[in-house]
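S.K.: Okay, here's the structure, questions in a sec.
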Amino acid sequence: MKDLNLTIMTRSLYAGLLVIFLMAGCERSVDGLSEPSLTNNPDVFIDGFSSGLEYFPYDDGFAKLDAFQVDTEVTFDNSAASMRIDVPNPDDPSGSYAGAAFIDLNGGRNLSEYDAFTFYAKGTKAGTINSIGFGQGLEGNNSFEVRVDSLRLSTFWKKYVIPIPEPEKLMAIDGMFWFAENPEDGAGYSFWIDDLKFEKLGTIAQPRPSILNGRDITISSFVNLTYEITDFQQTLNTIITLPDETTTAQDVMLSVGAGYFDFSSSNPAVATVNNQGVITVVGEGNATITASVGGVQASGSVNLISQGTFETAPVPTVDPDSVISIFSDAYTNVPVDYYNGFFNGDGQTTLGGTGFEGGPPGADIVVDGDGIINYTELNFVGIGTFLNVPSIDATDMTHMHVDINVQEGIDPGDYITIQLLNSVGNGETSGSVRIGSDQLLENDWLSLDIPLADFNLADRSSLGLIFFVSDATISDIYVDNIYYYNDGSGGSNGGGGGNGGGNGADIVTAPVPTVDPDSVVSIFSDAYTNVPVDYYNGFFNNDGQTTQGGTGFDGGPQGADVVINGDGIIHYTALNFVGIGTGVDPNQSNPTVDASEMTHIHVDLYVNEAISNGDFIRLQLINSVGNNESSGSVTFSSGVLREGEWVSFDVPLSDFNLAAQDQIGLIFFVSDATISDVYVDNIYYYTDGSSGGGGSKTAPNLPITFDDDQVNYSATTFNGTVYEVVDNPNVSGSNNTASKVGSITNSGAQWEGIYFDLENNLDFGNGQTITMDVYSTSAIPVLLKIEVDQGAFVEVAQNHSGSGWEELTFNFTSSDSFPRVTIFMDGPGTSTGTFYIDNIQQN
Amino acid sequence: MKARVLSIVLLSCMIVFQACTESNNEPENEFNTLVWSDEFDTEGSIDTTKWLFDIGTGVEIFGTPGWGNNELQYYTDRPENIKVENGLLEITARKENFNGSGYTSAKILTRGLFERTYGRYEARILLPFGQGIWPAFWLLGDDSNGSVIWPQIGEIDIMEYRGQQPTIIHGSVHGPGYSAGQAVTDEYSLRSGRFDSEFHVFAIEWGPDFIRYFVDDELYNEITPADVNGEWVFNDNVFYIILNVAVGGSFVGSPNSSTPFPQAMYVDYVRVYAHDN
């Protein structure tokens, strides 16, 4: 045995793995472990090594090989000897930590009659042993390993109890003891172990086993895939006797080997599980894998949903000579930095694309030799070809191909945006194509062949990043066969030629703003420092919003869907309306925009489609969102918008007729889908040096014409009415001048309306007749109420015949003066629709 | 019943020889006439000819929930909380929201069904585990239709236990001048084993001017009128039996995140023997 011991000593052991190769001819093979008549000797180290025990320091190159000594000076209870562990200083050339296993080389022992592993220990200081336990055996057999972490030492002898997770399993075990301990606070020290043995205490109870940290995991899977259950733990309650002879109960949590557990599959026709907790999917359907220790059910489970045999993506047929492949088993792939850049600092959550040892790079799953990427928890992920490998010159390619298989239900509004970045970090440009919910397929392959022209890249000679962006709308996808190719149409540079409409055209950037930055409050512009913005697309999908874009991409300016020559541009598509929020998202703490010193708002618009008569984009501002809010809008009609070119708009803020502009929370672009594809840039407020903004406007007095730039025509609405100042929509009848009018839209509620608080009281001493132009296409009563807030009032109702613009005359009998004018369109009724008012005058 | 006593004597001889020699002076074989028992051998629900249930939080009786002790459970008679299975009564405390309480459990009493003075009361019980679990096997004196109130009616706690101390039980009496925190009490600590991992027998032998406390037939305390700071109320009133598992309360403290739920108390039998003469 001496020779054998020496041989093993020199080979020693690997921490954690404990792989060891016994010399041929060794008498003691591991076969002995399964032989019946093993000793039940419980002693490990009492006053010396017990029979068969041997010391194996970890052979990882870091463990101090001579850290263990038998000490006859310092012992527990003045016995003959103890174990002393000398933990080295971190810079000790002979090793930086102490770690070893003690293994019974007599073939192992039957310890099934004991319930605890106990010892006395103390240290030269009150250190914390990193890990300690038993069950690390020969040939890396750790099935019955038990590990306690962070065992606190005292400087006096103290008894420690490590419960056996399930004694009945210990019919043959050779790993008697192991430990691993680093220096404490940068310095070595010594600790002693004595009376190390297994014993039957009879005070171990309340087993609470768990796997997977107690989590119930659901995995979507396929036949032939395997999974390994991890995190085997057992918690037991022990009784500790304190120095004063009183007892206390204490839970001890053990990390243990799989061997203590019994595993079970609810449906072995779908998934099987072996005695080490390795699950193999064998059929289609659902199976739940559970575990128990000694008949006690473990918390945690694996619910496998097997979709049966995995259907691989269609094998590409494009001639390899016409292909630049990024990820495909059908072609030779170009060198790739990574298939997942893990831009976690930018909020990336996406996992996958990391491959596994021995598999193709990036392939998380290999089925029938076909490597497949499985991105999970997807929000965005980048495939890089720019760090340590050449970027890709796709100038001569016409298309990008990718196969995507969505592993979850697809909801309306879900999408995956594929984005290409050229010249990453160095005059970088990017372009993207969005794959919508109507295209994506659940549990099936979608093969995409996207014309590269659709990405609107001016240059694709140095492609460095491919992004898949779902913004977490889709979280679990398989991806395969990512490659560029030329379909023979010659394509290449020059804007994608015959791709039709403005779609293929490379857009140019908007004019660079020239307003002095000191006079600007910028919302979205590369020319200025933008104020904090909650979002450039609020995705008010519950309100029927269809608009996409304004979401930006990783590494780019916030909100910029496209970056051209360093200029970020918003690209709204499927536009019906979209909001840019400032200080309105409760999950962010951005301030609202104070534009009270500003006179104008600037925005550049580029309509990326044909414009028809009646098309429009309305720009709407909302101040004090949700809290006595006021809103106003300005409409850009088809006459001023341009297809395929930038138009710069500079709109006086007074045109919005806001009650205030000191807390602007939302900017809306509204097209009602008349315009669906538009680029937006340089959104900012500025002052042109004239008098300040709407804050300096005066409240109205009669006559109210809606046309005086110096008057703030904001009105307070109630019970559902919507009010704004608009151009006279129907120049006719009693109001046949093109001017501003008030627009009142009823929601259908009773007693809804608006009121104006006047700058000066309306004094009936100056005349008791008030006339008002009212536009209605239905016959309704119009009620004019002149009042003090919650006080005295006079009111007169007049009927409107519904013929369009009519002048109504209200005759009051009062000589008092009042500060408020309130208007009800069909006050008692429930009419819906839009009415207009103008020219409210006192006669 | 001779056989039972013999086996106990034999057992105690084998385990603690010295206790056996002393036992010649112990009156431990005076209670041999079985007068009442529930062996819990009928599967299913509780024998309502022997037991009635307390339901709820005690708010109707005490004015506030908690059965006078700030307990947290809602007592029910549902099988989730109380049933007879495999020859055992099983009272299960659960962590669940129920009628405004965060826990449920059960409590049964022989009030009005079986009440007497004196005797040997014993039960074989496997106790639950965990911080804040408070099972008990106890007797309460008859209140003469409400004309006498606690503690004047008297209370004999044969076994009380804190789930966080699985090797210790407590035996107590409460009466006028020695109730609640001033109760006359003693605890018994197991020298090996645990109350939550195997069955143990809890008993009192109660006669004129004495109540003796036993665990596994080991006498660990005797209480007499000399020990109480007030009137001895255990010689003339009749008492009924109570079994319950409380959750939380002033005796045991509240459960915490390490308390495993559900927790069950298993009772093999409850037996009452009268004195031989």
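S.K.: Which pairs have Cβ atoms under 9 Å, sit 6 or more apart or on different chains, and link a residue in the range A:239-256 that is within 12 Å of chain B (Cβ to nearest Cβ) and farther than 18 Å from B:Arg162 by Cβ to one that is surrounded by fewer than 16 Cβ atoms within 10 Å (Cβ to Cβ) and among the acidic types (Asp, Glu)?
M.R.: Final answer for the pair search is A:Met253/A:Asp149.
S.K.: I've got another one for you. I'd like to verify a number: residues in the range A:760-772 that are surrounded by 13 or more Cβ atoms within 10 Å (Cβ to Cβ) and in a strand (DSSP E or B), how many?
M.R.: 7
S.K.: Being assigned to a loop (DSSP other than H, G, I, E, B), at pLDDT 85 or above and within 23 Å of A:Val508 (Cα to Cα) is the filter here; which residues of the range A:616-641 pass it?
M.R.: Scanning the range A:616-641 gives a single hit, A:Leu641.
S.K.: Going by the structure shown, is B:Leu109 surrounded by 24 or more Cβ atoms within 10 Å (Cβ to Cβ) and either within 17 Å of B:Tyr75 (Cα to Cα) or within 14 Å of chain A (Cβ to nearest Cβ) (or both)?
M.R.: Judged against the criteria, B:Leu109 is not a match.
S.K.: Within the range B:160-171, is even one residue in a strand (DSSP E or B), among the aliphatic types (A, V, I, L, M), within 14 Å of chain A (Cβ to nearest Cβ) and in contact with a Ser or Thr (Cβ under 6 Å, 6 or more places away or on another chain)?
M.R.: Within the range B:160-171, one or more residues are in a strand (DSSP E or B), among the aliphatic types (A, V, I, L, M), within 14 Å of chain A (Cβ to nearest Cβ) and in contact with a Ser or Thr (Cβ under 6 Å, 6 or more places away or on another chain).
S.K.: Considering only residues of the range B:260-277 that are closer than 22 Å to B:Asn69 by Cβ and either at pLDDT below 95 or under 19 Å from the mean Cα position of the chain (by Cα) (or both), which is nearest to the other protein chains (Cβ to nearest Cβ)?
M.R.: B:Gln263
S.K.: Here are some conditions: (1) closer than 23 Å to A:Val146 by Cβ; (2) more than 13 Å from chain B (Cβ to nearest Cβ); (3) not basic (Lys, Arg). A:Asn267 meets all but one. Which one does it not meet?
M.R.: The number of the failed condition is (1).
S.K.: Here's something else I'd like to know. So how many residues does the range B:182-201 have that are farther than 25 Å from A:Lys200 by Cα and within 18 Å of the chain's Cα centre (by Cα)? Quick ask: steps written out before the conclusion?
M.R.: So the first thing to find is which residues in the range B:182-201 are farther than 25 Å from A:Lys200 by Cα, and the list is B:182-187.
Filter again for within 18 Å of the chain's Cα centre (by Cα), leaving B:183-187.
Residues meeting the conditions: 5.
S.K.: Now a separate question. Within the range A:107-115, is even one residue acidic (Asp, Glu) and either surrounded by 18 or more Cβ atoms within 10 Å (Cβ to Cβ) or in contact with a helix residue (DSSP H, G or I) (Cβ under 8 Å, 6 or more places away or on another chain) (or both)?
M.R.: Looking through the range A:107-115, at least one residue is acidic (Asp, Glu) and either surrounded by 18 or more Cβ atoms within 10 Å (Cβ to Cβ) or in contact with a helix residue (DSSP H, G or I) (Cβ under 8 Å, 6 or more places away or on another chain) (or both).
S.K.: Suppose we keep only residues that are in contact with a Ser or Thr (Cβ under 7 Å, 6 or more places away or on another chain) and among the polar types (S, T, N, Q) within the range A:58-100. Which one would you say is farthest from A:Trp178 (Cα to Cα)?
M.R.: This residue is A:Thr75.
S.K.: Hey, among B:Phe199, B:Phe195, which residue is in contact with a Pro (Cβ under 9 Å, 6 or more places away or on another chain) and either over 19 Å from B:Glu115 (Cα atoms) or touching a residue at least 60 places away in the same chain (Cβ under 8 Å) (or both)?
M.R.: Matching residue, one of B:Phe199, B:Phe195: B:Phe195.
S.K.: What do you reckon, is A:Ala249 buried (at least 19 other Cβ atoms within 10 Å of the Cβ), modelled with pLDDT under 95 and over 25 Å from A:Pro57 (Cβ atoms)? Spell out how you get there, then give the answer.
M.R.: Details: buried (at least 19 other Cβ atoms within 10 Å of the Cβ): yes; modelled with pLDDT under 95: yes; over 25 Å from A:Pro57 (Cβ atoms): yes.
Spelling it out, A:Ala249 is indeed buried (at least 19 other Cβ atoms within 10 Å of the Cβ), modelled with pLDDT under 95 and over 25 Å from A:Pro57 (Cβ atoms).
S.K.: So, one more: Looking at the structure I just gave you, is B:Arg191 closer than 25 Å to A:Leu236 by Cβ and either surrounded by fewer than 23 Cβ atoms within 10 Å (Cβ to Cβ) or within 14 Å of another protein chain (Cβ to nearest Cβ) (or both)?
M.R.: When the stated conditions are applied, B:Arg191 passes them.
S.K.: Collect the residues in the range B:185-218 that are assigned to a strand (DSSP E or B) and of a type in the set (Ser, Thr, Tyr), keeping them in residue-number order.
M.R.: B:Thr185, B:Tyr188, B:Ser189, B:Tyr213
S.K.: Of (1) charged (D, E, K, R); (2) surrounded by 15 or more Cβ atoms within 10 Å (Cβ to Cβ); (3) away from chain A (no Cβ under 14 Å), B:Asp196 satisfies all except one. Which?
M.R.: Unmet for B:Asp196, out of (1) charged (D, E, K, R); (2) surrounded by 15 or more Cβ atoms within 10 Å (Cβ to Cβ); (3) away from chain A (no Cβ under 14 Å): (3).
S.K.: Consider A:Thr737 carefully, then state whether it is without any contact (Cβ under 8 Å) to a residue 24 or more places away in the chain and either assigned to a loop (DSSP other than H, G, I, E, B) or of a type outside the set (Ser, Thr, Tyr) (or both).
M.R.: Spelling it out, A:Thr737 is indeed without any contact (Cβ under 8 Å) to a residue 24 or more places away in the chain and either assigned to a loop (DSSP other than H, G, I, E, B) or of a type outside the set (Ser, Thr, Tyr) (or both).
S.K.: Give the range A:167-200 a look and list any residue that's buried (at least 19 other Cβ atoms within 10 Å of the Cβ) and within 14 Å of chain B (Cβ to nearest Cβ), or say none.
M.R.: Scanning the range A:167-200 gives a single hit, A:Pro167.
S.K.: Let me ask something else about it. Restricting to strands (runs of 3 or more DSSP E) lying wholly in the range A:218-295: which have 1 or more residues that are out of contact with any Ser or Thr (no Cβ under 9 Å at 6 or more places or on another chain)?
M.R.: Values: elements: A:226-228, A:233-241, A:247-256, A:262-265, A:271-273, A:278-281, A:285-293.
Where strands (runs of 3 or more DSSP E) fall fully within the range A:218-295 and carry at least 1 residues being out of contact with any Ser or Thr (no Cβ under 9 Å at 6 or more places or on another chain), they are A:226-228, A:233-241, A:247-256, A:285-293.
S.K.: Given the conditions (1) surrounded by 21 or more Cβ atoms within 10 Å (Cβ to Cβ); (2) farther than 30 Å from A:Leu236 by Cα, which single one is not true for A:Leu304?
M.R.: Exception for A:Leu304: condition (2).
S.K.: Pull up the range A:201-217, narrow it to residues that are at the interface with another protein chain (Cβ under 10 Å from one of its Cβ atoms) and not in a strand (DSSP E or B), then point me to the one that is nearest to B:Thr259 (Cα to Cα).
M.R.: Restricting to residues being at the interface with another protein chain (Cβ under 10 Å from one of its Cβ atoms) and not in a strand (DSSP E or B), the top hit is A:Ile204.
S.K.: Another question, then. What are the residues in the range A:754-787 that are out of contact with any Phe, Trp or Tyr (no Cβ under 6 Å at 6 or more places or on another chain) and farther than 17 Å from A:Ile704 by Cβ, if any?
M.R.: A:Gly765, A:Thr777, A:Ser778, A:Ala779, A:Ile780, A:Pro781
The values are calculated or read from the model by the stated rules, or taken from the named source; none is laboratory data. Keep in mind the model is a prediction, meaning the values are calculated, not measured. Here Cβ is always computed from backbone atoms with ideal geometry, including for glycine, and neighbour counts include all displayed protein chains.
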